[in-house]
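The structure under discussion appears below in the form of structure tokens.
The values are calculated or read from the model by the stated rules, or taken from the named source; none is laboratory data. None of these values were measured; they are calculated from a predicted model. Cβ sites come from the backbone with ideal geometry, for glycine too, and all protein chains shown count toward neighbours. Ligands, DNA and RNA are excluded from the accessible area calculation, which covers all protein heavy atoms including side chains. Shrake-Rupley method; radii C 1.70, N 1.55, O 1.52, S 1.80 Å.
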Amino acid sequence: MTLIPFDDRDGFIWMDGKMVPWRDAKVHVLTHGLHYASCVFEGVRSYGGKVFKLREHTQRLIKSGELLGFKIPYTLEQIEQATLDILAKQNIVDGYIRPVAWRGSEMMAVSAQQTKIHLAIATWQWPSYFSKEAKERGLKLQISKWARPAPNTAPTASKAAGLYMICTLSKHAAEDAGFDDALMLDYRGLIAEATGANMFFVIDGELHTPIPDCFLDGITRRTVMELAKKRGINVIERQIKPEELSKCSEIFLAGTAAEVTPIGRINDQTFAVGNITKQLMADYSERVLQPS
């Protein structure tokens with residue numbers, strides 16, 4: 001497979017209010033967001049030319065900036081319109097959208113109140129995050145040695161770039177060991193999430209999912225919960241211990257990139273790709289084509 005670098009592509013990126021040629025959408029090496037992780041972002045998808053849950057994603061982007069102590073200098077409506085504009089400019093029908101906001105290079109120190117806040121929105125064609133084969137057999141997850149931090153040690157309710165450092169480390173370690181992804185525990189040793197998606201567990205016909213008190217309450221997560229309830233499936237949000245994995249008949253991920261993807265193995269334990277997972281995969285695929 002030929003790797004196409006993300007800094008060397010044709011097209012445009014919406015950046016600070018303008019359509020900028022893709023290769024010219026650059027920041028300086030002394031940008032505060034690069035050195036001190038003062039950066040937030042979103043992952044959004046377009047299906048059939050329509051953006052799924054655009055309002056919710058835009059609201060979360062703005063809130064994430066506030067949690068990091070800065071205000072994005074565009075209104076919710078302006079960000080939404082910019083998203084639609086770049087989709088049209090790039091002629092994307094089924095694709096991925098990446099809004100990102102960060103502190104600029106006016107100050108290079110921990111204290112950076114006078115930095116300019118930038119916003120860019122890029123979009124590109126997006127295939128399935130995991131291979132068709134992996135989805136059919138169920139992903140293989142390795143339990144990571146890294147833990148999601150406590151909410152009094154990091155702004156865990158934000159989609160902040162710095163919080164994904166341990167996700168990259170966890171996913172790399174898992175892939176090096178022959179797994180597809182990693183399951184991350186939290187600071188208490190409870191099940192949290194995968195590296196970029198929330199998790200659901202089927203136990204005795206009911207759907208269990210961890211309380212998102214130190215990681216993102218995903219937009220896809222909430223959508224899946226709504227779909228399950230419509231099917232009459234009891235959904236329980238609670239703290240889940242790793243030793244409870246032995247009680248699970250099915251496990252799956254839910255996220256914008258992952259969509260609904262079954263889990264077939266965690267460390268040495270195996271799980272079926274069962275009927276509830278298959279039903280919710282189908283329901284989600286149908287839901288994203290409907291108005292948000």
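Out of the residues in the stretch 140-162 that are aliphatic (A, V, I, L, M) and closer than 30 Å to Val273 by Cα, which is farthest from the chain's Cα centre (by Cα)? Break it down into steps so the answer makes sense when it comes.
Of the residues in the stretch 140-162, the ones aliphatic (A, V, I, L, M) are 141, 143, 147, 150, 154, 157, 160-161.
With closer than 30 Å to Val273 by Cα added as a condition, the list becomes 141, 143, 147.
Values: Leu141: 17, Ile143: 19, Ala147: 17 Å.
Filtering first and then ranking leaves Ile143.
Restricting attention to the stretch 130-164, report how many residues are in contact (Cβ under 8 Å) with a residue 40 or more places away in the chain and assigned to a helix (DSSP H, G or I).
6
Do the conditions hold for Ala173, that is, is it at pLDDT 95 or above and in a loop (DSSP other than H, G, I, E, B)?
Taking the combined requirement at face value, the residue does not satisfy it.
Test Lys116 against the criterion of being over 13 Å from Thr31 (Cα atoms) and either of a type in the set (Lys, Arg) or modelled with pLDDT under 95 (or both), and give yes or no.
no
Somewhere in the stretch 255-263, is a residue over 19 Å from the mean Cα position of the chain (by Cα), at pLDDT 95 or above and either of a type outside the set (Asp, Glu) or more than 30 Å from Val40 (Cβ to Cβ) (or both)?
No, the stretch 255-263 contains no residue that is over 19 Å from the mean Cα position of the chain (by Cα), at pLDDT 95 or above and either of a type outside the set (Asp, Glu) or more than 30 Å from Val40 (Cβ to Cβ) (or both).
Residue by residue through the stretch 256-271, note down the ones that are in contact (Cβ under 8 Å) with a residue 60 or more places away in the chain and surrounded by 15 or more Cβ atoms within 10 Å (Cβ to Cβ). Talk me through it step by step, then tell me what you get.
At the first step, the residues of the stretch 256-271 found to be in contact (Cβ under 8 Å) with a residue 60 or more places away in the chain are 256-259, 261-267, 271.
Correct list: Thr256, Ala257, Ala258, Glu259, Thr261, Pro262, Ile263, Gly264, Arg265, Ile266, Phe271.
How many of the residues making up the stretch 257-292 are in contact with a strand residue (DSSP E or B) (Cβ under 7 Å, 6 or more places away or on another chain), in a strand (DSSP E or B) and closer than 25 Å to Phe52 by Cα?
Selection size over the stretch 257-292: 4.
Which members of the stretch 114-154 meet the condition of being open to solvent by 60 Å² or more (accessible area, probe 1.4 Å) and hydrophobic (A, V, I, L, M, F, W, C)?
Answer for the stretch 114-154, where residues must be open to solvent by 60 Å² or more (accessible area, probe 1.4 Å) and hydrophobic (A, V, I, L, M, F, W, C): Trp126, Trp146.
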